[in-house]
Amino acid sequence: MSVNPELVGRTFPPAPPYLVGREKVREFSRAVFATNPIHSEPEAARAAGHADVVAPATFAVVVQEATLAQLLAEPDGGIDFSRVVHGAQEFAYERPIVAGDELTATLWVTSVKTLGGNAMVTAESAVVDADGAPVVTATSTLVVRGDEA
């Protein structure tokens, strides 16, 4: 089954809220070698003007993951997860993510293209805080390898 081009324009329901924990930020920071003290020490983060420890820029993918799971599970999507490769990732921030944020993400599909027997699916996830204020938009491009790949 090939990827359904009718996915373009589809918006999925908001994923359940994600409460950003201080230890999760610290763990993620260690995993990506983000050594700035604002990522692990509340005092350093506060001195830099933040309410708590600041997540590294790529942390947004943790919140976005639940929305991508919705896309991959879409019954009529035609996306075989065993053939998916993450092709690209971008983040457009309104403000940093900090421990204590309660974030909700909503995904919509912006593009489905076929190139060389492979499909490329681009989706954006808008992440907002508990007040509905925008925090970050995460854009992912998934490559779904064709039968020949």
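The values are calculated or read from the model by the stated rules, or taken from the named source; none is laboratory data. Since the structure is predicted, the reported quantities are computational estimates derived from the model, not experimental observations. Note: ideal-geometry Cβ built from the backbone for every residue, glycine included; neighbour counts use all protein chains shown. All accessible areas refer to the heavy atoms of the entire protein, side chains included, with ligands and DNA or RNA removed. Shrake-Rupley method; radii C 1.70, N 1.55, O 1.52, S 1.80 Å.
Here are the numbers for this structure:
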{"item": "Exclusive hit being over 18 Å from L142 (Cα atoms) and among the small types (G, A, S), set A57, A69", "result": "A57"}
{"item": "Restricting segment 74-88 to residues that are touching a Ser or Thr at 6+ places or on another chain (Cβ under 7 Å) and surrounded by 14 or more Cβ atoms within 10 Å (Cβ to Cβ), the residue that is nearest to A15 (Cα to Cα)", "result": "G78"}
{"item": "Residue tally, condition under 21 Å from the mean Cα position of the chain (by Cα), of a type in the set (A, V, I, L, M) and loosely packed, with under 15 Cβ neighbours inside 10 Å, over segment 37-62", "result": "1"}
{"item": "First in segment 1-24 and open to solvent by 70 Å² or more (accessible area, probe 1.4 Å), second anywhere and part of a loop (DSSP other than H, G, I, E, B), Cβ under 7 Å, 6 or more apart", "result": "M1/G78; S2/G78; R22/D52; R22/V53; R22/A99"}
{"item": "Conditions (1) under 19 Å from V20 (Cβ atoms); (2) surrounded by 14 or more Cβ atoms within 10 Å (Cβ to Cβ); number of the one not met by A133", "result": "(2)"}
{"item": "Residue check for V128: within 18 Å of Y18 (Cβ to Cβ) and open to solvent by 30 Å² or more (accessible area, probe 1.4 Å)", "result": "yes"}
{"item": "Top-ranked residue in segment 105-119 [being open to solvent by 60 Å² or more (accessible area, probe 1.4 Å) and of a type outside the set (D, E, K, R); ranked as modelled with the highest pLDDT]", "result": "W108"}
{"item": "Number of the exception - E102 against (1) open to solvent by less than 50 Å² (accessible area, probe 1.4 Å); (2) farther than 15 Å from A57 by Cα", "result": "(1)"}
